[in-house]
1. What do you reckon, is residue 135 closer than 28 Å to residue 64 by Cβ and β-branched (Val, Ile, Thr)?
2. Take the residues of region 218-234 that are surrounded by 24 or more Cβ atoms within 10 Å (Cβ to Cβ) and closer than 18 Å to residue 66 by Cβ: which is nearest to the ligand (Cβ to nearest atom)?
3. Quick one: in region 158-180, of everything that is part of a helix (DSSP H, G or I) and among the β-branched types (Val, Ile, Thr), which residue is nearest to residue 200 (Cα to Cα)?
4. For region 90-126, how many residues meet the condition of being more than 16 Å from the chain's Cα centre (by Cα), farther than 20 Å from residue 198 by Cβ, surrounded by 17 or more Cβ atoms within 10 Å (Cβ to Cβ) and among the β-branched types (Val, Ile, Thr)?
5. So how many residues does region 185-214 have that are closer than 17 Å to residue 145 by Cα and assigned to a loop (DSSP other than H, G, I, E, B)?
6. Restricting attention to region 132-169, which residues are closer than 18 Å to residue 115 by Cα and in contact (Cβ under 8 Å) with a residue 60 or more places away in the chain?
7. Scan region 33-86 for residues that are in a strand (DSSP E or B), within 12 Å of the ligand (Cβ to nearest atom) and in contact (Cβ under 8 Å) with a residue 12 or more places away in the chain and jot them down.
8. State whether the residues of region 6-17 include one that is modelled with pLDDT of 95 or more and either within 29 Å of residue 142 (Cβ to Cβ) or more than 20 Å from the chain's Cα centre (by Cα) (or both).
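The values are calculated or read from the model by the stated rules, or taken from the named source; none is laboratory data. Values in this document were obtained by computation on a predicted structure and should not be read as measured data. Backbone-built Cβ (ideal geometry, glycine too); neighbour counts: all protein chains shown.
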Amino acid sequence: MTSVWRRSATAKEQSQGTAAAMRLASVSKTYGEGTGAVTALDDVSFDVPRGSFTAVMGPSGSGKSTFLHCLAGLDRPSSGHVYLGDTELGGLKESALTAVRRERIGYVFQAYNLMSALTVKQNVTLVPRLSNTAVDESWLREILERVGMLQYADRRPNQLSGGQQQRVAIARALVTRPDAVLADEPTGALDTRSSQEVLRLFRQIVDETGQTVVMVTHDPVAASFADSVVFLADGRLAGQLQRPTPDQVADRMTHLGNW
Ligand code: ADP
């Protein structure tokens, strides 16, 4: 691709080796108190390697969303620390944390969460515009081109398929050149073909631009697109697979409980 992506990848490469892109250090998260307390994460430590694609899997209720929310700074851990590069999120005031979330973390939801009244282009540039940051026109074109949505830049979400809407959401996540993109069941609402397109796009973004992606999924095929899969069970780490195949992932999941 063009130089802008390369520049961003080089910057990431320069800082490679100094730290993980993101890190959970002995993170526990308990919701509620007393007899009603639920431990969603129990002393979890995990490094997300820079420029990698990581899938997070586990049975329902195993702590996957809490894991992602803690990484994103959407949930504060009850104990332990969360790092984005060298920044410890727990040490930030709410306003600084909001800025980090907006500028350094891209988030992709299962339900796309696009604004129906806005065009593709307006949706992609909404977050920077809210913080009065100008988006370079050539950068915007480049991102839309990369996700295959340049020709639909002036359409509204209801004129797009689910897969196309998710690709717009991915463009929106990338526009701020985030340190990492976190995706919560991004293919959960898509048919098989659109899912594959979205997963191939994540793979391409990681391979060609050095972007870091963490994706929660319950689908072994989706997980097989990642470089590694981390498994959770009852809020604890329950193993990891490198270069996973769908069969290996499915086999591991059957040993973790109901899913
Ligand atoms: P998963 O994404 O793997 O389904 P979650 O992280 O959503 O798991 O939830 C882990 C546990 O924490 C579950 O028992 C869930 O009911 C509980 N939990 C999650 N969020 C809350 C909350 N806001 N209040 C109370 N309990 C919660």
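1. On the way: closer than 28 Å to residue 64 by Cβ: no; β-branched (Val, Ile, Thr): yes.
Taking the combined requirement at face value, the residue does not satisfy it.
2. Taking the candidates together, the pick is 232.
3. Taking region 158-180 as the starting set, the residues that turn out to be part of a helix (DSSP H, G or I) are 158-159, 162-174.
Filter once more, so that each one left must be among the β-branched types (Val, Ile, Thr): 168, 170.
Details: 168: 15, 170: 12 Å.
Restricting to residues being part of a helix (DSSP H, G or I) and among the β-branched types (Val, Ile, Thr), the top hit is 170.
4. 2
5. Of the residues in region 185-214, 1 are closer than 17 Å to residue 145 by Cα and assigned to a loop (DSSP other than H, G, I, E, B).
6. Correct list: 169 only.
7. The answer is 39, 40, 41, 42, 44, 56, 57.
8. Applying the first criterion (modelled with pLDDT of 95 or more) to region 6-17 yields none.
No, because not a single residue in region 6-17 is modelled with pLDDT of 95 or more and either within 29 Å of residue 142 (Cβ to Cβ) or more than 20 Å from the chain's Cα centre (by Cα) (or both).
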